[in-house]
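These notes are about the structure you will find just below.
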């Protein structure tokens with residue numbers, strides 16, 4: 001119940017394409033869903049986040065779609081660029097456990113020029 | 001804003017050595033800091049939650065005596081890997097929240113620990 005399942009494990013798109021990364025969860029106590037971007041040898045950087053009372057949030061080229069009834073959320077990257085090549089992690093925050101984050105397994109994205 | 005700094009960024013040491021990693025919030029006060037461990041090509045696994053002025057809360061399976069955490073001020077938490085062995089080699093990352101634990105977590109750039 002504490003898991004966050006992320007797919008796909010890896011993804012290759014052409015420049016300008018729209019990669020989509022999906023996550024699913026079970027725990028209804030999760031109250032906040034952030035996405036993080038991580039480059040090799042660096043810590044994760046917060047990209048965008050959403051709360052369950054919102055169905056979509058857009059910040060620049062990054063969009064989160066959230067389906068509360070299905071307990072699923074996804075990240076869309078518009079007009080992807082080679083510089084977006086990184087590992088992306090979805091996460092969910094457990095309000096009942098001190099706000100700790102449960103991370104998905106990660107998606108390694110490669111954007112080809 | 002919300003910058004978290006880790007030091008050192010890379011450390012190599014001999015088996016049996018104890019290693020201390022520092023995590024600092026540079027431009028905000030962090031009531032809570034979190035310590036994660038990440039193996040290559042894997043996700044982040046929470047090791048412990050560190051609250052300023054109190055004992056850390058460790059996740060199940062994490063040895064308290066092996067991974068000592070001290071959160072002595074609102075801007076500094078330290079993780080000490082005691083008597084490190086090659087299996088402790090990993091990427092250790094801290095994060096901090098500004099004020100309340102339910103604020104977003106901001107991550108440091110990690111420390112690559114290699115035990116020979």
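The values are calculated or read from the model by the stated rules, or taken from the named source; none is laboratory data. Everything quoted here is computed from the prediction, not taken from an experiment. All Cβ positions, glycine included, derive from the backbone under ideal geometry; neighbour counts span all protein chains shown.
Residue B:79 - would you say it is assigned to a strand (DSSP E or B), more than 10 Å from chain A (Cβ to nearest Cβ) and touching a strand residue (DSSP E or B) at 6+ places or on another chain (Cβ under 7 Å)? So residue B:79 fits the description; yes.
A quick yes/no check of all residues on (1) within 11 Å of another protein chain (Cβ to nearest Cβ); (2) under 26 Å from residue A:35 (Cα atoms); (3) more than 10 Å from the chain's Cα centre (by Cα):
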position: B:46; (1), (2), (3): yes, yes, no
position: B:59; (1), (2), (3): yes, yes, yes
position: B:87; (1), (2), (3): no, no, yes
position: B:93; (1), (2), (3): yes, yes, no
position: B:98; (1), (2), (3): no, yes, yes
position: B:110; (1), (2), (3): yes, yes, no
position: B:114; (1), (2), (3): no, no, yes
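When A:79, A:31, A:53 are checked against the criterion of being free of Cβ contacts under 8 Å to residues at least 40 places away in the same chain and surrounded by fewer than 19 Cβ atoms within 10 Å (Cβ to Cβ), a single residue qualifies: A:53. Going through (1) touching a strand residue (DSSP E or B) at 6+ places or on another chain (Cβ under 7 Å); (2) exposed (fewer than 15 other Cβ atoms within 10 Å of the Cβ); (3) within 20 Å of residue A:100 (Cβ to Cβ) one by one, residue B:86 falls short only on (3). Evaluating residue B:49 against the criteria (1) part of a strand (DSSP E or B); (2) surrounded by fewer than 15 Cβ atoms within 10 Å (Cβ to Cβ) leaves one unmet condition, (2). Residues in the range A:41-50 that are part of a strand (DSSP E or B) and either out of contact with any strand residue (DSSP E or B) (no Cβ under 8 Å at 6 or more places or on another chain) or without any contact (Cβ under 8 Å) to a residue 24 or more places away in the chain (or both): 4 in all. For the criterion of being under 30 Å from residue B:47 (Cβ atoms), surrounded by fewer than 16 Cβ atoms within 10 Å (Cβ to Cβ) and away from chain B (no Cβ under 14 Å), residue A:26 passes. Screening the candidates A:98, A:60 for the property of being surrounded by fewer than 16 Cβ atoms within 10 Å (Cβ to Cβ), touching a strand residue (DSSP E or B) at 6+ places or on another chain (Cβ under 9 Å), under 25 Å from residue B:38 (Cα atoms) and without any contact (Cβ under 8 Å) to a residue 12 or more places away in the chain yields one hit, A:98.
Filter the range B:13-37 for residues that are more than 9 Å from chain A (Cβ to nearest Cβ), in a strand (DSSP E or B) and under 18 Å from residue B:107 (Cβ atoms) and give the result. Once the filter is applied, which keeps residues that are more than 9 Å from chain A (Cβ to nearest Cβ), in a strand (DSSP E or B) and under 18 Å from residue B:107 (Cβ atoms), the range B:13-37 yields B:21, B:22, B:23, B:24, B:25, B:30, B:31, B:33, B:35, B:37. In the range B:59-66 there is no residue that is touching a strand residue (DSSP E or B) at 6+ places or on another chain (Cβ under 8 Å) and assigned to a strand (DSSP E or B). Does residue B:69 count as more than 14 Å from chain A (Cβ to nearest Cβ) and in a strand (DSSP E or B)? Yes, satisfied.
Identification of strands (runs of 3 or more DSSP E) wholly contained in the range A:53-113 with 2 or more residues that are within 12 Å of chain B (Cβ to nearest Cβ) yields A:86-94, A:100-103, A:107-112. Remark: residue B:106 falls outside the filter, which requires a residue to be within 19 Å of residue B:24 (Cα to Cα), crowded, with 20+ Cβ neighbours inside 10 Å, modelled with pLDDT under 95 and away from chain A (no Cβ under 11 Å).
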